[in-house]
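To keep things clear, I will list the structure first and then write my remarks on it.
Each reported figure results from applying straightforward, stated rules to the coordinates on display, with no laboratory input. Because the structure is predicted, anything quoted here is derived from the model rather than measured. So basically every Cβ, Gly included, is an ideal-geometry build from the backbone, and we count neighbours across all protein chains shown.
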Amino acid sequence: MDRDYLLIFQFALQGLLCIRRDAKGVIDKGELQSLVNRGLQLMYDILQKSMELPFQLPRYYFRTRHCIGAELFIFGADSGNKDKIITPPGFQLSLNLCIQLKNMLARTSAQLAKLYCILAARVSSRLPLGKGEAENTWEFRPRKINEMVQLNAILLQYLKEDAGKANEINIVNGDEDLVTACVCFEPNERGPGFSIYLLNVSAFPEGSYQINWHSCCIDTNGSHWSLLPLNAGVSFSVKRL
């Protein structure tokens with residue numbers, strides 16, 4: 001390897017001395033431009049030869065972790081219809097949840113042990129009339145990205161408190177406008193997990209609202225994985241029955 005570096009240094013020095021020799025006494029603009037082009041070509045050749053140098057890398061320097069996505073299906077516990085989730089004012093919202101993993105590796109050294117999900121709704125984010133149904137796709141808008149970052153931080157706090165007692169912990173998120181609920185799933189062999197939970201929307205006035213969500217998982221090695229949300233949350237309505 002030292003010899004390769006020496007050869008590049010020798011090549012660069014010879015090229016530089018050659019250009020310097022030819023530049024003596026040159027005053028014509030055309031010849032000066034030619035010397036500049038030769039200098040640029042020399043720099044390009046040096047860079048190209050440097051990129052061909054062999055060098056050692058750590059064993060897993062370019063190793064990346066597999067990206068796993070998740071889809072969350074939300075249904076009203078009473079109706080079983082995700083398009084018509086309704087609760088009277090002053091009541092909590094009872095939900096049936098199903099989370100499905102996507103892009104899972106068939107062969108991996110670690111298996112998923114538990115899935116965690118956070119649901120969130122804002123009192124101030126009332127949907128306009130005629131927008132009572134959620135979109136089917138998840139869009140990367142700045143506001144949604146900020147919301148996902150906030151939910152991820154709350155979910156991590158939730159895991160640090162006690163990952164083994166997920167359904168017994170009440171995390172204070174510090175945002176009075178945001179109502180959250182953290183849920184723990186135990187996936188089966190096929191990947192999906194099921195759960196039932198209550199989202200406290202008793203303070204929400206009548207109207208339609210969007211449920212946002214974010215999820216993560218812990219594998220059998222204790223590693224934390226954030227899951228890419230592949231679908232949007234559903235909407236629900238607060239109105240008198």
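What's the FRET efficiency of Thr220 with Arg122 using the Cβ-Cβ distance as r and R₀ = 25 Å, to the nearest 0.05?
The pair Thr220/Arg122 has a calculated efficiency of 0.10.
Applying the Karplus parametrisation 6.51 cos²θ - 1.76 cosθ + 1.60 with θ = phi - 60° to the phi angles of region 119-126, what ³J(HN,Hα) value in whole Hz is obtained for each residue in order, glycine and proline being reported as x?
9, 8, 8, 10, 5, 7, 9, 6
Pull up all non-local amide H partners of Ile68: gap of 5 or more, or a different chain, and H-to-H distance under 5 Å with H placed in the peptide plane.
Sorted by chain and number, the residues that satisfy this are Leu228.
Using 7 Å Cα-to-Cβ label points, what is the Ile86/Phe11 separation (nm, one decimal)?
Once both label points are built, they end up 7.7 nm from each other.
Grab the beta carbon distance between Ile196 and Cys67, set R0 = 45 Å, and tell me the FRET efficiency rounded to 0.05.
E between Ile196 and Cys67, to the nearest 0.05, is 0.95.
Could you list Ile196, Ile68 in order of exposure, starting from the residue whose Cβ has the fewest other Cβ atoms within 10 Å?
Ile196, Ile68
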